[in-house]
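Working notes, beginning with the structure itself.
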Amino acid sequence: MASRSTGSLLGSLGNRWAMARAMRALPARGFVAQPEPRSIGLYAKGRQLVAGNALFGGQVVELKDQSLWDIVQPDPGQADDIHGFSWLDDLAAVGDAAARARAQRWLWDWIARYGGGKGPGCSPDLTGRRLIRWINHALFVLSGRDRAQSDAYYAQVTAQTVFLSRRWTLAAPGLPRFEALVGLVSASLALVGMEKLVAPAVAALAAECGREVDAQGGIPTRNPEELLEVFTLLTWAAQALNEAGQTPPEAVLDAIGRIAPTLRTLRHADGGLARFHAGGQGLEGRLDQALAASGIKPAATSAQGLAMGFARLQGGRTSVVIDASAPPAGRASALAHASTLAFELTSGRRPLIVSCGSGAPFGPEWRLAGRATPSHSTLAVDGFSSSRFKPGEELLTDRAMVHHLYLGAGEGGPYFSASHDGWAATHGLSHLRTLTLSSDGRRLIGQDSLLAITDTQKNRFEQLMTESRLAGVGFALRFHLHPDVDATLDMGGTAISIALKSGEIWVFRHNSQANLALEPSVYLQKGRLKPRPARQIVLSGRAMAFETPIDWTLAKAQDTALAIRDLDREEMPVPL
């Protein structure tokens, strides 16, 4: 995940000067207690690193006999991945002599090249990320080192700790600042002679929890994967304090307690997180590890209503997660997606309906495409995302707002309904979406409508109809399919059959004047060399009246007839 610390030239020069000054500190004499590794890497990635093949920032690197620091790092995300030392988790997961030798070579090479504050890795958030790994895997990397190498290591961890104590405030609010502060807390607790830094670091971490973690257990970016990273960092800090005989602050424990149920709400039936607002599914095993470390039991975490602005429908082995709030605002919207009212659906261990995902690892054009409304499973007006940003800018300036939200249990199962006004000003139209998931999770009944509700909206819509050379407002309702499913047009082109690898067959049908098609799509997945080809179900048409409804069903094959009969069933929503 890219660094978002203060990135100006002045800030970089200040960081280098502060690191050079921190190098004057008296090195720690050792660890207070034997460090225990908390961060867990991936064995397969570790084996690839040992073999000389690496994937950083979406770019493949063939190292051969080169040092990691010899490779060209044109992309900031690639430099962040490398200088943050997350790859050390993967080498430690392998843990053999070859993995240790490679880790040691790269670590002490980094000290020789960048230890004085040079290079792109001297921001507070990357320093915190790196320091956590260096201490987590201290026994792994220090094994067999001579006195001079050990002294260089301790001088570096000491300098980076002192640096963080002076520069953490310059890390951008949110995940970057949590990385800086947890790195500072972990190091000051672990290193002999750093005890005086513990109290102010812990107080700052507690204050940050109060500012950044809201009552729903969410963070301003509304990125589920980023929330998992914050949660993981907080559990590490709490563990380190407990092991040192200190009680974590109430603000930290309360934040952990609020985030845990939110993450469980955002977790699909397959164990992965919903992929919204530039977030991925999360590293394999990270969520389970963090939830276990938190000690927050599932029985005590039944989230009510929205969780970080997301709604969840659960029936049997099927989960549906819906983006039910406006996109993030201000600084938090720099990576936000125009995904209001989009949903994802997973059946058992198999994702079915998905978002395209974040295109950031694949370059700026893919990043912009991934943020647009057509890259999500929802309705879009032709040529307009539901939320927009000015050309040349990253922050959203025109955000769709959600209205008339209902979430509850109807006769047919859990029920969701909401509208947003993303095209009210441009086209005089609102989008209303209702979803009902059967209690057994075998069918999802939906209705999407474009509506001109207020007199102002009706006047704008009529004006557009008068001025437009084309009849009506073009729209497309999209359902992006996971690349592992096999979809085919069926029943004479009136339905689409979707086969999952588990053997399940789902059938999509509609009851509207829209045109049904199966079109190409992509699945943007972190850690892949390029976007994965996929398919999408598209219902397209033109809105020519104040109300344009589109009724549809998605049901397991044997339940298709029942789902069609239920298209017009009315549910009794329960307001939040």
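Below is a table of values for the structure above.
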item	result
With Cα atoms, 0 to 90° folded angle of helix 147-167 axis to the chain main axis	50 degrees
Label-to-label distance, nm, for residues given as Ala152 and Lys64 (7 Å Cα→Cβ offset)	2.5 nm
Burial ranking of peptide ranges 288-294, 413-419, 165-171, 334-340 (average Cβ count within 10 Å, highest at the top)	334-340, 413-419, 165-171, 288-294
Under-5 Å amide H pairs with Gly441, H placed in peptide plane, nonlocal only	Gly316
Nitroxide proxy distance, nm - points 7 Å out along Cα→Cβ at Val192 and Lys297	4.2 nm
Accessible-area ranking of Thr373, Thr488, largest first, probe 1.4 Å	Thr488, Thr373
More than 33 Å apart - percent of Cα-Cα pairs taken over the chain	46 percent
Potential extension, Arg211-Arg528 segment - 0.36 nm per residue separation minus Cα distance	110.7 nm
The chain: calculated mean residue ellipticity at 222 nm from DSSP helix runs of at least 4, using -39500 (n - 2.57)	-11000 deg cm²/dmol
Exposure rank, largest accessible area first [Tyr406, Tyr114, Tyr523, Tyr43; 1.4 Å]	Tyr43, Tyr406, Tyr114, Tyr523
Met23 accessible area, 1.4 Å probe, all protein chains in place, Å² to nearest 10	80 Å²
Volume in Å³ per residue [convex hull over Cα atoms, computed for the stretch 12-153]	113 Å³
Distance (nanometres) between label positions extended 7 Å along Cα→Cβ at Thr454 and Ala329	1.7 nm
Under Karplus coefficients 6.51, -1.76 and 1.60, residue-wise ³J(HN,Hα) of the stretch 42-49 in Hz, glycine/proline x	10, 4, 4, 5, x, 5, 5, 5
Per residue convex hull volume, Cα atoms of the stretch 383-538, in Å³	184 Å³
Protection proxy ranking of 222-231, 359-368, 466-475, 505-514 - average other beta-carbon atoms within 10 Å, highest first	222-231, 505-514, 359-368, 466-475
Heavy atoms of Glu208 accessible to a 1.4 Å probe, total area in Å² rounded to 10	0 Å²
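The values are calculated or read from the model by the stated rules, or taken from the named source; none is laboratory data. The structure presented is a predicted model; accordingly, all values stated were derived computationally and were not measured. No Cβ is skipped: glycine too gets one built from the backbone with ideal geometry, and neighbour counts run over all protein chains shown. Just the protein is used for accessible areas: all its heavy atoms, side chains included, with ligands, DNA and RNA removed. Shrake-Rupley method; radii C 1.70, N 1.55, O 1.52, S 1.80 Å.
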